[in-house]
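Right, one structure below, let's go through it.
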Amino acid sequence: MGKLGLDPEVVRRARELAVRAGQPVVDLARSHTTVSVERAVLRLAGVRGADSDGIPWVNRLVDAVRADVGLGHGVAVPVFHALAAEGLADVTVLAQKAAAGAVRFGVPEKKGEVTAARRAARRAANAGLKVVDRRRAERERLIRRWGDAPRRPWIYLIVATGDIYEDIPQAQAAARAGADVIAVIRSTGQSLLDYVPEGATREGFAGTYATQENFRLMRAALDETSRELGRYVRLTNYASGLCMPEIAALAGLERLDMMLNDSMYGILFRDINPIRTFVDQRFSRQVHARAGIIINTGEDNYLTTADAVEAAHTVTVSQLLNEFFAHEAGLADWQLGLGHAFEINPEVPESFRLELAHALLARELFPDAPLKWMPPTKHMTGDVFRGNLLDGFFNLVGALTGQGILLVGMMTEAVVTPWLSDRDIALQNVRYVLSGAGNLHEDFVPAPGGFIQGRAHEVLGEAVGLLERVVEDGLLNAIADGTFGIMKRPADRGKGLDGVARHEPGYYNPVTEALES
Amino acid sequence: MTIVRPYGDTTGDGMVQVSFTLPLVHDKRAEGAAVQLANKMGLDPAMLVHAKPMGEGFTFFVVYGRVNHLVDTDEVQVVERDFPLLSAKEINAVIKRKLRRRLTVVGACIGTDAHTVGIDAILNLKGIAGEKGLESYRELAVTNMGAQVSVPELVETARAQKADAVLVSQVVTQRDAHLLNTRAMSAAFREAMPAGRRPLLIVGGPRFDELMAADLGVDRIFSRGTTPREVASYLVHALVGSPS
């Protein structure tokens, strides 16, 4: 029995509405593909590396296939048909020849040729998925061998220097100082790049590029530190932006443990085309499900643009939608790091009680999900003393409501990228609260019919009301009207639309086939 | 009085508090080093009140002490608001009466900066700090191009919209990206349009120095805490003239 006395009938209704709102978008995702989905297929099928300008061979190959036959058949059949016709064994070599204009792609007419191309594509894609499976088993084995994080919430710290070789010692130091999860923030701008950069990178703006080699280097360094500390330290990156499906695949291949992966973030905050996002989302979530990766959703962002009290129910609605999309894609509850944040203006009377009500509502609606609890950013003013106090109250809400993943708040938020001392003070704050009050949730029961219960019921009620309107309007129209995070995003606008194609009859994608079997 | 000193608990005591980290293992020597730094910073006497080892080979210090520097408030240079702050109603009325058309504003985050929080706070209907954004002004025609807009795109849009003013927001400051981007932007406008036809160029962001407008080639810089009404009042002041 929960602490909020939520009406199970209302909760059931909310979930049912989320399914009805989300299903048309799933249908849309199942009938379309994107350049990035097709590039992810080729990455899993073994295409590696980049040309001398740094453009990955998967981009060159998908562009070549698209120029000849379009994207609607999927690239697998044209590529593997051409591979056989050219008498080649290596798909990367085919990509290089195709980039030089030496290969013509087509969809074979003979049924036997189609079957042969599908068989070859399936074999290549399955080899990639087998690596993903091995990485997942490896993670489970290392956690058994070294031990897991000592407690919930997991303590989540960010590094972001722009240089992977600077990030590594910082990440190792953060892990030694107590972090259970390290997130490497991406360079601003990567979300709108329509290719994944290659190799180890040493230059970035306010973050480090997500590349396969950077993933590999950081995971290896954290393995070393995990062994030394006797606990498995998790690594996080971002499967978002125009290359979300490819980055999900790379994360699976390099044993990343958590990925930021929100169903609507790219649409609302990066102005990426809604259809592109939903198609890429579904594929990337299927990959995460297979790879045993925990996703983190981005509801905290709504509260940084809209008012955190007025918009509280949009967070609940988004969490319910994210849950539906995640389950539909095969993710289990333990993989759902649904997001929310401590962003109410501290000048608002009863702000702390409101935060408690909202956080507890998320906890009770999603009892088996490791919720991701995000610290204050919007009302961090540069007054670092007040900021440290706010972070302490944020940590207390985290402890009182059993959050699964706690992103450590920095008192210097909005002032500088965190200094060594900022991180140390922030961790001291977390340790104090968790050791002094970590089990307070056992005693904390909001009064029946009191302020906290009342507020939680109110927010859930508003969420149901909004979901009813979304079901009536259609989710794409609701997004176009600015329902979430006050940004208006029509379905026929936004970046990356030209990389979307409707499936032609006979569309074939060996990865989707394997993930849905 | 134009000469002041820092205030701890007594007028003229000159007391300040600083904290910093030294790349030293915490021991007596490290504490001595912290006091030496404080002395060189002008804290004399310096009281080391807290020292704590951090990570491997670092120590964090908090130091209180007296500084003997004097501050002359007559020598302080700042940009004071040199235009009247108008209400939304006054702003719309002046534009309508004097300009006789809507005033056109184009806004964007340029370069790789993806943080639209600043430009959105000023432009979006929602606004900030209880003030609605420029989109809410009847007599302002606002185009918000969003994030990661290239400079050529911005110039083209400004030209196509016949923009009276261009607002650029820059939040990311790593490697001085905000300064480089702003200079590139103002240079592009100078190159693309003759002096009389150029829109008013305004940049904003939390880390800008408001004194650098001329250096960056823009007409005005707005720093942290700026509200939409201040920007709108400035637009009226610079482009339309006084309300009376």
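Which of the residues that make up the range A:438-468 are at pLDDT below 95 and part of a helix (DSSP H, G or I)?
Those that are at pLDDT below 95 and part of a helix (DSSP H, G or I): A:L440, A:H441, A:E442.
Based on this model, can you work out whether B:L48 counts as surrounded by 15 or more Cβ atoms within 10 Å (Cβ to Cβ), over 32 Å from the mean Cα position of the chain (by Cα), at pLDDT 95 or above and closer than 25 Å to A:D422 by Cβ?
On the way: surrounded by 15 or more Cβ atoms within 10 Å (Cβ to Cβ): yes; over 32 Å from the mean Cα position of the chain (by Cα): yes; at pLDDT 95 or above: yes; closer than 25 Å to A:D422 by Cβ: yes.
Against the criterion (surrounded by 15 or more Cβ atoms within 10 Å (Cβ to Cβ), over 32 Å from the mean Cα position of the chain (by Cα), at pLDDT 95 or above and closer than 25 Å to A:D422 by Cβ), B:L48 qualifies.
Kindly list the number of the only condition in (1) away from chain A (no Cβ under 14 Å); (2) at pLDDT below 95 that fails for B:Y7.
(2)
Kindly indicate which of A:A40, A:A67 is modelled with pLDDT of 95 or more, part of a helix (DSSP H, G or I) and more than 30 Å from A:L320 (Cβ to Cβ).
After applying the criteria, what remains is A:A67.
Specify the residue that is nearest to B:L180 (Cα to Cα); the eligible residues are those in the range B:74-104 that are open to solvent by less than 20 Å² (accessible area, probe 1.4 Å) and either in contact with a Ser or Thr (Cβ under 7 Å, 6 or more places away or on another chain) or assigned to a loop (DSSP other than H, G, I, E, B) (or both).
By that ranking, first place goes to B:F83.
For the range A:119-169, enumerate the residues that are under 23 Å from the mean Cα position of the chain (by Cα), closer than 16 Å to A:T208 by Cα and not β-branched (V, I, T).
Result: A:L157, A:A160, A:G162, A:D163, A:D167.
Could you list, in sequence order, all residues of the range B:151-172 that are open to solvent by less than 50 Å² (accessible area, probe 1.4 Å) and either among the polar types (S, T, N, Q) or touching an Asp or Glu at 6+ places or on another chain (Cβ under 8 Å) (or both)?
If the condition is that a residue be open to solvent by less than 50 Å² (accessible area, probe 1.4 Å) and either among the polar types (S, T, N, Q) or touching an Asp or Glu at 6+ places or on another chain (Cβ under 8 Å) (or both), then B:T157, B:S169, B:Q170, B:V171, B:V172 are the ones that fit.
So if I check each of A:A121, A:A160, A:A183, which one is hydrophobic (A, V, I, L, M, F, W, C), open to solvent by less than 40 Å² (accessible area, probe 1.4 Å), touching a residue at least 12 places away in the same chain (Cβ under 8 Å) and under 28 Å from A:A89 (Cα atoms)?
A:A121
Any residue in the range A:316-325 that is assigned to a loop (DSSP other than H, G, I, E, B) and under 30 Å from A:A456 (Cβ atoms)?
No, the range A:316-325 contains no residue that is assigned to a loop (DSSP other than H, G, I, E, B) and under 30 Å from A:A456 (Cβ atoms).
Filter the range A:421-438 for residues that are touching a residue at least 60 places away in the same chain (Cβ under 8 Å) and of a type in the set (A, V, I, L, M, F, W, C); which is most open to solvent (accessible area, probe 1.4 Å)? Full working, then the answer.
Of the residues in the range A:421-438, the ones touching a residue at least 60 places away in the same chain (Cβ under 8 Å) are A:423-424, A:427, A:430-431, A:434, A:438.
From what's left, of a type in the set (A, V, I, L, M, F, W, C): A:427, A:430, A:434.
On the way: A:L427: 7, A:V430: 2, A:L434: 32 Å².
Within the range A:421-438, the match that is most open to solvent (accessible area, probe 1.4 Å) is A:L434.
If B:Y7 meets every condition in (1) open to solvent by 80 Å² or more (accessible area, probe 1.4 Å); (2) in a strand (DSSP E or B); (3) of a type in the set (F, W, Y) apart from one, which number is that one?
The number of the failed condition is (2).
Answer yes or no: is there a residue in the range A:249-266 that is within 14 Å of chain B (Cβ to nearest Cβ) and buried (at least 24 other Cβ atoms within 10 Å of the Cβ).
Yes - at least one qualifying residue is present in the range A:249-266.
Just to be sure I understand, how many residues within the range A:43-57 are touching a strand residue (DSSP E or B) at 6+ places or on another chain (Cβ under 9 Å) and surrounded by 15 or more Cβ atoms within 10 Å (Cβ to Cβ)?
Counting residues in the range A:43-57 that are touching a strand residue (DSSP E or B) at 6+ places or on another chain (Cβ under 9 Å) and surrounded by 15 or more Cβ atoms within 10 Å (Cβ to Cβ) gives 6.
Of all residues in the range B:199-225, how many are within 14 Å of chain A (Cβ to nearest Cβ) and within 16 Å of B:A108 (Cβ to Cβ)?
Matching residues across the range B:199-225 total 1.
Considering only the range B:31-56, state which residues are part of a helix (DSSP H, G or I) and either under 22 Å from B:E75 (Cα atoms) or within 14 Å of another protein chain (Cβ to nearest Cβ) (or both). Spell out how you get there, then give the answer.
Of the range B:31-56, the ones part of a helix (DSSP H, G or I) are B:31-40.
The one that is part of a helix (DSSP H, G or I) and either under 22 Å from B:E75 (Cα atoms) or within 14 Å of another protein chain (Cβ to nearest Cβ) (or both): B:A34.
Going by the conditions given, is B:T112 in a strand (DSSP E or B), closer than 26 Å to A:Y265 by Cα and within 14 Å of another protein chain (Cβ to nearest Cβ)?
Values: in a strand (DSSP E or B): no; closer than 26 Å to A:Y265 by Cα: yes; within 14 Å of another protein chain (Cβ to nearest Cβ): yes.
The answer is no for B:T112.
Can you tell me which of (1) in a helix (DSSP H, G or I); (2) open to solvent by 30 Å² or more (accessible area, probe 1.4 Å); (3) among the acidic types (D, E) is the one A:E504 doesn't meet?
(1)
Yes/no matrix, rows are residues, columns are (1) in contact with a Pro (Cβ under 9 Å, 6 or more places away or on another chain); (2) basic (K, R); (3) free of Cβ contacts under 8 Å to residues at least 60 places away in the same chain:
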residue	(1), (2), (3)
A:I55	no, no, no
A:L61	no, no, yes
A:V75	no, no, yes
A:L83	no, no, yes
A:V91	no, no, yes
A:K97	no, yes, yes
A:V103	no, no, yes
A:T115	no, no, yes
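Here is a check on your reading of the model: is A:V430 modelled with pLDDT of 95 or more and either part of a loop (DSSP other than H, G, I, E, B) or under 28 Å from B:A51 (Cβ atoms) (or both)?
Yes: the conditions hold for A:V430.
List the helices (runs of 4 or more DSSP H) that sit entirely inside the range B:126-244 and contain at least 2 residues that are in contact with a Phe, Trp or Tyr (Cβ under 9 Å, 6 or more places away or on another chain). Give the steps one after another, and end with the answer.
Details: elements: B:151-160, B:177-192, B:213-216, B:228-239.
The qualifying helices (runs of 4 or more DSSP H) are B:151-160, B:177-192, B:228-239.
Out of the range B:123-146, which residues are within 13 Å of chain A (Cβ to nearest Cβ) and touching a Leu at 6+ places or on another chain (Cβ under 8 Å)? First the steps, then the outcome.
So in the range B:123-146, the residues within 13 Å of chain A (Cβ to nearest Cβ) come out as B:123-130, B:132-133, B:135-136, B:144-146.
Matches in the range B:123-146: B:L123, B:K132, B:G133, B:E135, B:S136, B:N144, B:M145.
Suppose we filter A:R290, A:R270, A:R285, A:R276 for residues that are more than 14 Å from chain B (Cβ to nearest Cβ) and open to solvent by 20 Å² or more (accessible area, probe 1.4 Å); which single one remains? So that I can check it myself, show each step before the final result.
Values: A:R270 fails: more than 14 Å from chain B (Cβ to nearest Cβ); A:R285 fails: open to solvent by 20 Å² or more (accessible area, probe 1.4 Å); A:R276 fails: open to solvent by 20 Å² or more (accessible area, probe 1.4 Å).
Of the residues listed, the single one that is more than 14 Å from chain B (Cβ to nearest Cβ) and open to solvent by 20 Å² or more (accessible area, probe 1.4 Å) is A:R290.
Which members of the range A:441-463 meet the condition of being under 31 Å from the mean Cα position of the chain (by Cα), hydrophobic (A, V, I, L, M, F, W, C) and either within 17 Å of A:F352 (Cβ to Cβ) or surrounded by fewer than 18 Cβ atoms within 10 Å (Cβ to Cβ) (or both)?
Answer for the range A:441-463, where residues must be under 31 Å from the mean Cα position of the chain (by Cα), hydrophobic (A, V, I, L, M, F, W, C) and either within 17 Å of A:F352 (Cβ to Cβ) or surrounded by fewer than 18 Cβ atoms within 10 Å (Cβ to Cβ) (or both): A:I452, A:A456, A:V459.
Which one of A:G204, A:G147, A:G101, A:G189 is surrounded by 20 or more Cβ atoms within 10 Å (Cβ to Cβ), at positive phi and out of contact with any Cys (no Cβ under 9 Å at 6 or more places or on another chain)?
A:G189
Go through the range A:469-497 and give me each residue that's part of a helix (DSSP H, G or I) and crowded, with 17+ Cβ neighbours inside 10 Å.
Passing the criteria: A:V470, A:V471, A:L475, A:L476, A:A478, A:I479, A:A480.
The values are calculated or read from the model by the stated rules, or taken from the named source; none is laboratory data. The model shown is predicted, which means the values in this text are computed figures rather than measured ones. Note: ideal-geometry Cβ built from the backbone for every residue, glycine included; neighbour counts use all protein chains shown. For accessibility, only protein heavy atoms count, side chains too; no ligands or nucleic acids. Shrake-Rupley method; radii C 1.70, N 1.55, O 1.52, S 1.80 Å.
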